[in-house]
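The values are calculated or read from the model by the stated rules, or taken from the named source; none is laboratory data. Quantities reported herein were computed from a predicted structural model and do not represent experimental measurements. Don't worry about glycine lacking a Cβ; one is built from the backbone with ideal geometry, like all the others, and counts go over all protein chains shown. Note: accessible area is taken over every heavy atom of the protein model, side chains too, but ligands, DNA and RNA are not part of it. Shrake-Rupley method; radii C 1.70, N 1.55, O 1.52, S 1.80 Å.
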Amino acid sequence: MPISLPELPFAPDALAPVISARTLEFHHGKHHRAYVDNANKLIAGTDLDAAAPEDIIQKTAGDTAKTGIFNNVAQAWNHSFYWQGIKPGGGGPPVGSVADRIKAAWGDYAAFVDALKTAGTNQFGSGWVWLVADGDALKIVKTANADTPVAQGLKPLLTIDVWEHAYYLDWQNRRADYLVAFIDKLINWDFVNRRLGA
Ligand code: MN
């Protein structure tokens, strides 16, 4: 059983009003759990049974015979990663290494926020928006459905889930407002700096 459901690294009511306990009850307790359970069922008894999630993602990406495995393992990984990039009282301009790298890539924090928000609102339908390291450069990328930069060999630093299940109970159709609130109040920049140093 290489795929596990991590505990949330914050109390269920700690992210309100940006993300309510009710959203987390469904998002972590139902959606994320289902991806983990389905992933484990699909890899049981196969040669992927003991592989790390990142390896399974890279081995099954683009293999139309293994779409189910890819989708569920990638969604399990994406969600575990999403929770780590969130902390109560987070968000706003970062300090440390990531602040310098953002300045180098976008000029200033405001331009970076604009780019992140635009990527999140322009992702048509379900997906994810990511801050990634591509070699020395930081980039913002978006992926559809379960797709993940892990499949492309990029190093994810942060992600925002833009599937409707991530925000609809709290924001309904206002994805842009969810993105702004997430960026202003929830981003765990300490985690991003640790990823950069790792
Ligand atoms: Mn989700």
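Highlighted here are the helices (runs of 4 or more DSSP H) found entirely within the range 88-198 that include at least 2 residues which are open to solvent by 40 Å² or more (accessible area, probe 1.4 Å) and polar (S, T, N, Q): 109-122. If you filter the range 33-61 down to residues that are among the polar types (S, T, N, Q) and without any contact (Cβ under 8 Å) to a residue 40 or more places away in the chain, you find that the one that is farthest from the ligand (Cβ to nearest atom) is Thr46. Contact annotation: residue pairs with Cβ atoms under 6 Å, 6 or more positions apart or on different chains, pairing a residue in the range 106-128 that is touching a residue at least 60 places away in the same chain (Cβ under 8 Å) with a partner that is of a type in the set (A, V, I, L, M, F, W, C) and part of a helix (DSSP H, G or I), are Val113/Ile183; Lys117/Leu179. Note on the range 62-87: among residues that are open to solvent by 50 Å² or more (accessible area, probe 1.4 Å) and part of a helix (DSSP H, G or I), the one that is farthest from the ligand (Cβ to nearest atom) is Ala65. Filtered by the rule that a residue be within 18 Å of Asn145 (Cβ to Cβ), of a type outside the set (Ser, Thr, Tyr) and surrounded by 16 or more Cβ atoms within 10 Å (Cβ to Cβ), the range 32-54 gives His32, Val36, Asn38, Ala39, Leu42, Pro53.
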